[in-house]
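Engineer: Submitted below is the structure of interest, expressed as structure tokens.
The values are calculated or read from the model by the stated rules, or taken from the named source; none is laboratory data. All figures in this text were calculated on a predicted structure; none of them were measured in a lab. Counting neighbours? That spans all protein chains shown, and the Cβs are built from the backbone with ideal geometry, glycine included. Ligands, DNA and RNA are stripped out before the accessible areas are found, and what is left, the full protein with its side chains, is counted by its heavy atoms. Shrake-Rupley method; radii C 1.70, N 1.55, O 1.52, S 1.80 Å.
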Amino acid sequence: MGVRIAYTVSGEGSPVVLMHGWGCNHTTVASIENVLVGKFKVINIDFPGCGASTEPDSVWGVDEYDRMLEELIRIEGIQDPILIGHSHGGRVAIKYASHHPVSKMVLVDAAGIKPQRSLRYYWKVYSYKTVKHLAHLLMGHERGEKFLERFRKRAGSADYAASSPRMRAIMSRLVNTDLKNCMPHIQCPTLLIWGENDTATPLSDAKTMERLIPDVGLVSFPGCGHYSFLDNPVQFAAVLNSFMTSE
């Protein structure tokens, strides 16, 4: 697929594939790995363009991430894995579990629901398109692109500003993908763990997933945000252990 994927393997037991969120790497979810490693074999991935993995050579969508996960699971000789995904990692887990056998799945503040766009969002989009047109017209292509780079860093999200141009295009494609149609096809027991103050993937997303995934439970933590596993590590570990060790 034109990309080199780095990942770590630790522990012994039933295989768990652990997947971090956008703009992070495998170290971000190390605390989750530490909870599991005494009882499970944990494969902790650096997604393409993150950590030690190379960037994709094209603008990937969720289908390409799905095929990447298929290939990694094949190489590791895994059957019926347990999937744990935070944010973007949850998006990939949802897609994979919708058409592959999975033992269990844990979605932590997961992406996968296309955001409802506000008037402010569309104002920003069309303002940017206007600025882009005028910058190229008045400054020429090279100077205009330098100006737009500064404009994007001021106006865009932190994740977007920190990404390379290709990773920005990938992020835009992923954010505009809705996986609600995949969710009814998920056959494995699924646990949703969410921060009630999550603004990146709000609790309403979790409630939509709870409605659409057949065998699912939702646990939400008051006062926690998008990184609920870091905001409340003790409670998170207790909930995770209970689900992972249940029949």
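Engineer: Counting only the heavy atoms of the protein chains, how much of R67 is accessible to a 1.4 Å probe, in Å² to the nearest 10?
Structural biologist: Roll a 1.4 Å probe over it and R67 shows about 110 Å².
Engineer: Please identify, among H100, H226, H20, the residue showing maximal mean-square fluctuation in a Gaussian network model of the chain using a 10 angstrom Cα cutoff.
Structural biologist: Per the Cα network of the chain with a 10 Å cutoff, H100 tops the list.
Engineer: Quote the FRET efficiency, to the nearest 0.05, computed for H141 versus K180 with a Förster distance R0 of 30 Å and r equal to the Cβ-Cβ distance. Intermediate results must be reported in sequence, preceding the final value.
Structural biologist: Working: r = 40 Å, r/R0 = 1.32.
Efficiency for this residue pair is about 0.15.
Engineer: Quick one: how many Å² of F236 are accessible to a 1.4 Å probe, rounded to 10?
Structural biologist: For F236, the solvent-accessible surface is approximately 10 Å².
Engineer: Could you work out how much longer the chain between L230 and T208 gets when fully extended? Use 0.36 nm per residue separation minus the Cα distance between them, nm to one decimal.
Structural biologist: 5.6 nm
Engineer: Got the relative contact order for the chain handy, in percent, Cα pairs under 8 Å and 6 or more residues apart?
Structural biologist: On the way: 433 pairs, mean separation 45.0, N = 247.
It rounds to 18 percent for the chain.
Engineer: Any chance you could give the angle, 0 to 90 degrees and rounded to 10, that helix 165-175 forms with the longest Cα principal axis of the chain?
Structural biologist: Tilt relative to the chain: about 60 degrees.
Engineer: Would you give the gap between the C-alpha center of region 187-223 and the C-alpha center of region 21-45, rounded to a whole Å?
Structural biologist: Answer, in whole Å: 20.
Engineer: Now for a different question. Leaving out same-chain residues fewer than 8 places away, which aspartates and glutamates sit with a Cα under 14 Å from that of K39?
Structural biologist: Cα-Cα hits under 14 Å: E12.
Engineer: Once you have all Cα-Cα distances for the chain, histogram them in 5 Å bins from zero and send the whole-percent values.
Structural biologist: Spelled out per bin, shortest first, that is 1, 6, 13, 17, 19, 16, 11, 6, 4, 3, 2, 1, 0, 0.
Engineer: Using only Cα atoms and rounding to the nearest 10 degrees, what angle (0 to 90) does helix 62-75 make with the longest principal axis of the chain?
Structural biologist: Relative to the chain, helix 62-75 is tipped by roughly 40 degrees.
Engineer: Treating region 193-247 as a set of equal point scatterers at the Cα positions, no solvent, please give the Debye-formula log₁₀ I(q)/I(0) at q = 0.14, 0.25 Å⁻¹.
Structural biologist: One equal scatterer on each Cα of region 193-247 leads to -0.37, -1.00.
Engineer: Note the full-extension length gain between A238 and H99 as 0.36 nm times their separation in residues minus their Cα-Cα distance, in nm to one decimal. Present the calculation step by step, with values, prior to reporting the outcome.
Structural biologist: Details: separation 139, 0.36 × 139 = 50.04 nm, distance 2.95 nm.
Answer, rounded to one decimal: 47.1 nm.
Engineer: Tilt of helix 141-155 relative to the longest C-alpha principal axis of the chain, in degrees (0 to 90, nearest 10)?
Structural biologist: The two axes meet at around 50 degrees.
Engineer: I'd like to check one number: the per residue accessible area of region 181-247, probe 1.4 Å, reported in Å² as a whole number. It would help to have the intermediate numbers written out before the result.
Structural biologist: Values: 3280 Å² over 67 residues.
Ligands and nucleic acids excluded, the figure is 49 Å² per residue.
Engineer: With the full set of protein chains in place, find how many percent of the accessible area of the chain is carbon and sulfur; take the probe as 1.4 Å. Intermediate values should be presented prior to the final figure.
Structural biologist: Numbers: 6360 of 12060 Å².
Answer for the chain: carbon and sulfur cover 53 percent of the accessible area.
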